[in-house]
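Heads up, the thing below is written out as structure tokens.
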Amino acid sequence: MITILQIVLFTVLCGVAGFLAFKGYRRVYRNIKLGMKADYSDNPSQRLNNMLLVALGQKKMFKNVIPAILHVFIYVGFIITQIELIEIFIDGFTGNHRIIYHAVENIPALRAFYVFVISFIEVASLFVLFATIAFLTRRWILRVPRLNKPELKGWPIEDATIILLAELYLLTCIFSMNAGDMALHNSEYGFLVSGWLVPLFSGMSHTTVHIIEKLGWWGHMVGVLAFIVYLPYSKHLHILLAFPNTYFGRLTPKGYIANMPEITKEIKSMMNPEPAAPATDMPAEVIKFGAKDVFDLTWKNLLDAYTCTECGRCSAACPANLTGKKLSPRKIMMNTRDRLEEVGRSMEANNGIWKEDGKSLIENGYISVEELRACTTCNACVEECPVMISPLEIIVQLRRNLVMEESNAPSEWQGMFANMENNGAPWQFSQQDRLNWEKA
């Protein structure tokens, strides 16, 4: 009866978690698809190489060694612990207990390998424990500057703390499960780290130890399912999105800023005029310059926003930010994601139809004109990002809209624009006098 109850309860929990997780991930996918089309199908081998080196190999993380090592502890531990999770799920769906162990316990070599794997997982979990405590210390005691900026107040810092505390919770469950299991079976399994914890259960009744072991088993399983459901609402979604984001990352030189197709087309038509097309009753296509809202950005820009880890490396390297200006590339990405989430919620409330809300990505509590003007387009933020996000692409598109759609530019810029239009250079003298400096 207990076995059937376990199977039913486990199946129901997995089904509910799967349904809720599907809704969350579908929401993210739908929101990303709101962006404009863009083609990233070129050079698949180079893209795959970038994904393996940057997302899987953590290549760019090691520009900052200490947090990189701590992150690797958690990252590798996260991957390795999934091995034991396989057995937990098999046990849950079949009503068994350590089904893999009992399948190999009479084969000495396989039994030894099983014990080695679980012991290795426990050692990796110790490194995760160390890294988690270190990250909490850096965030709450040492208060590392880039982790305590204004844009992180409220939910962002709460989100980071929730995940770190969840790590501690899952580790507690794993060691309670393994150590309790060893105490119940007189250390039969021989797990390395749990063996040190078995004396903690001395003096406890068999029933008490069994309850602790079961609480660890169910607690770990529920914690993992909760994490899967929570992930689409957290910055830690980068655990999954780092892979497609690095694959679809830009392959052009970092200093390259793409031309606007609308402008390129206009210039080509001016240089190579064609006979005027016969007039039609069709309305002329409305050309938009740059981006004013999330709909005007590409789907890759929106994927960047959801992939942002909020680590702050971009802002810590930004010369505008370092000199006290308002610009923070991290905030640009966070604000883009916040606006995208707002648009998504509005569309959900209107059966998938977008109704203008009088807001845009520029101003309205999102990205200010002052921030956009402060950018020097130096690409420091792009170079620093560990998952190949480009805040610069969003900044440039928004700034283009300000200048070309809203005529919103400082007077110094307006003078430069006029000189470039009239003289072909930013300076106020005729083209004929451009080489007079040679005669000096």
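No value in this document is a laboratory result; all are computed from the given coordinates. Please read all numbers here as calculations on a predicted model, not as lab measurements. Every residue, glycine among them, receives a Cβ derived from its backbone with ideal geometry; neighbour counts consider all protein chains shown.
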Per-residue Cβ contact counts at 10 Å, fewest first, order Tyr306, Tyr233 as Tyr233, Tyr306
Listed values (i) 227; (ii) 154; (iii) 133, entry calculated as volume of the Cα convex hull per residue in Å³: (i)
Enter the angle in degrees (range 0 to 90, nearest 10) between the Cα long axis of helix 261-271 and the first principal axis of the Cα atoms of the chain, meaning the one along which they spread out most. 30 degrees
Kirkwood Rh over Cα pairs of the stretch 118-239 into Stokes-Einstein at 4 °C, 1.567 mPa s: D in µm²/s? 81 µm²/s
Net length gained if the chain between Thr172 and His210 were fully extended (0.36 nm per residue, minus Cα distance): 12.1 nm
Pairing the Cα long axis of helix 108-140 with the longest principal axis of the chain, what angle in degrees results, from 0 to 90 and rounded to the nearest 10? 50 degrees
Nearest 10 degrees, 0 to 90: what angle lies between the long axis of helix 329-349 and the longest principal axis of the chain (Cα atoms)? 80 degrees
Sorted from largest down, give the three principal axis spans of the alpha carbons of the stretch 14-91, whole angstrom values. 43, 38, 23
Amide H partners (placed H, <5 Å) of Met36, local residues excluded: Leu297, Thr298, Trp299
Burial ordering of Asp296, Asp181, Asp338, fewest other beta-carbon atoms within 10 Å first: Asp338, Asp296, Asp181
Using a basic spin-label model with each label point 7 Å from the Cα along Cα→Cβ, how many nm lie between Ile133 and His185? 2.9 nm
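At a 10 angstrom cut-off on C-beta neighbours, averaged per residue, how do the peptides 163-176, 136-149 rank from highest to lowest? Show your work: numbers first, answer last.
Numbers: 163-176: 19.1, 136-149: 14.4.
The densest-packed peptide leads the list: 163-176, 136-149.
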Report, in debye and to the nearest 20, how large the dipole of the stretch 290-430 comes out about its Cα centre when Lys and Arg carry +1 and Asp and Glu carry -1 on their Cβ. 240 debye
Nearby aspartates and glutamates by direct alpha-carbon distance to Lys288 (threshold 16 angstrom, same-chain neighbours under 8 apart not counted): Glu262, Glu266, Asp296, Glu405, Glu406
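Go ahead and estimate [θ] at 222 nm for the chain from helices alone: -39,500 (n - 2.57) per DSSP H run with n ≥ 4, summed, over the residue count, rounded to 500.
Working: 18 runs with 266 residues, N = 440.
Per the formula, -19500 deg cm²/dmol.
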When ranked by the protection proxy of mean other Cβ atoms within 10 Å per residue, highest first, what sequence do the peptides 238-246, 3-11 form? 238-246, 3-11
Could you give me the ³J(HN,Hα) list for the stretch 237-243, computed from phi with Karplus coefficients 6.51, -1.76, 1.60 and θ = phi - 60°, whole Hz, x at Gly and Pro? 4, 4, 4, 9, 6, 4, 6
Using the 4.7 Å Cβ rule, please list in number order the cysteines from the chain without any candidate partner. Cys14, Cys173, Cys308, Cys311, Cys318, Cys375, Cys378, Cys385
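So which of Lys235/Lys355; Lys235/Lys331; Lys63/Lys149; Lys235/Lys300 end up more than 19 Å apart, counting from Cα to Cα? Intermediate values should be presented prior to the final figure.
On the way: Lys235/Lys355 27 Å; Lys235/Lys331 13 Å; Lys63/Lys149 21 Å; Lys235/Lys300 17 Å.
Distance filter (> 19 Å) returns Lys235/Lys355; Lys63/Lys149.
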tail above 26 Å in the computed P(r) of the stretch 290-430, as % of all Cα-Cα pairs, reads 30 percent
